[in-house]
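A single structure is presented below for examination.
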Amino acid sequence: MRVRPISPERLVTELTDRVLAAAADLAVGGPPSGPVPAAARPPARLRVAVDGPPAADPDRLADALVDPLRANGRPVLRIRAEDFLRPASVRYELGRTNPDAYYEGWTDEAGLRREVLDPAGPGGSGRVLPSLWDAGTDRASRAAYLDLPAGAVLLVSGALLLGGGLPFDLAVHLALSPAALARRTDPQMSWTLPAFGRYAEEVDPASFADVVVRVDDPRHPALVEPT
């Protein structure tokens, strides 16, 4: 593997190009299949994961991709995994600082798949729910459904997104060394560190994500590329 330093601005540019290329490839070669000629099919929607611990700030990177993608003619919908948490009674069943519960059951992956990823995928209706749960009030968000047009890009950001088989078309993983993760994690959230240790060991997202970015120093990211 080759580690290529890159500026934060250039990273956004290269990721935008990668997303646009993936969207074009999916529209040309991907499903749906059947009697409708490829040229007559509507452009496919692309489901993109920006995965990383809070210390890596995946939300910020996903937000930075919105305007460049729209400038290139792609409708974009931003989804945050933290808007698809399970109720507090489920998340805190084993205590408020249980790393195994955080790793295994904080995000409502079934709800994220049902309300967002499947409808945005091949053959889906395109009718998606931008948020499911308000963790602040611990109640359903009561968000209205949105119609995601053909050719749109769905950007989903959050932690621990790549271990549960969620159907993404392109996965970006923000990687930190254990030391950098511990250093940059909010002390009040240090109890989550064992969860990210499990994620690195059991899932190893850096081994299969389409794009891996090292962000030990957010001012000096680096792309991890095959040689």
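The values are calculated or read from the model by the stated rules, or taken from the named source; none is laboratory data. Not measured: the values here are computed from a predicted model. Quick reminder, even Gly has a Cβ in these numbers, built from the backbone with ideal geometry, and neighbours come from all protein chains shown. Remember, those area values only see protein heavy atoms, side chains included, never the ligands or the DNA or RNA. Shrake-Rupley method; radii C 1.70, N 1.55, O 1.52, S 1.80 Å.
Right, residue 74: out of contact with any Phe, Trp or Tyr (no Cβ under 6 Å at 6 or more places or on another chain) and not in a helix (DSSP H, G or I) or not? Even if it seems obvious, please write down each step before you answer.
On the way: out of contact with any Phe, Trp or Tyr (no Cβ under 6 Å at 6 or more places or on another chain): yes; not in a helix (DSSP H, G or I): yes.
So residue 74 fits the description; yes.
For segment 9-32, check the following and say yes or no: at least one residue is at pLDDT 95 or above, loosely packed, with under 14 Cβ neighbours inside 10 Å and assigned to a loop (DSSP other than H, G, I, E, B).
no
Sort through 93, 82 and tell me the only one that's assigned to a loop (DSSP other than H, G, I, E, B), open to solvent by 70 Å² or more (accessible area, probe 1.4 Å), closer than 25 Å to residue 189 by Cβ and of a type outside the set (Ser, Thr, Tyr).
One residue alone meets the criteria, 93.
In addition: Taking strands (runs of 3 or more DSSP E) that do not extend beyond segment 121-227, which have at least 3 residues that are of a type outside the set (S, T, N, Q) and in contact with a helix residue (DSSP H, G or I) (Cβ under 7 Å, 6 or more places away or on another chain)? Spell out the reasoning first.
Details: elements: 153-158, 170-175, 211-214, 222-225.
Here the list reads 153-158, 170-175, 211-214.
OK, next. Tell me whether segment 109-131 contains one or more residues that are of a type outside the set (Lys, Arg), within 21 Å of residue 202 (Cβ to Cβ) and open to solvent by 50 Å² or more (accessible area, probe 1.4 Å).
Yes, segment 109-131 contains at least one residue that is of a type outside the set (Lys, Arg), within 21 Å of residue 202 (Cβ to Cβ) and open to solvent by 50 Å² or more (accessible area, probe 1.4 Å).
Please go through segment 143-168 and pick out each residue that is open to solvent by 20 Å² or more (accessible area, probe 1.4 Å) and more than 20 Å from residue 59 (Cβ to Cβ).
Of everything in segment 143-168, those that are open to solvent by 20 Å² or more (accessible area, probe 1.4 Å) and more than 20 Å from residue 59 (Cβ to Cβ) turn out to be 144, 145, 147, 149, 150, 165, 167.
In segment 215-227, what count of residues is obtained for those that are open to solvent by 60 Å² or more (accessible area, probe 1.4 Å) and closer than 16 Å to residue 12 by Cβ?
3
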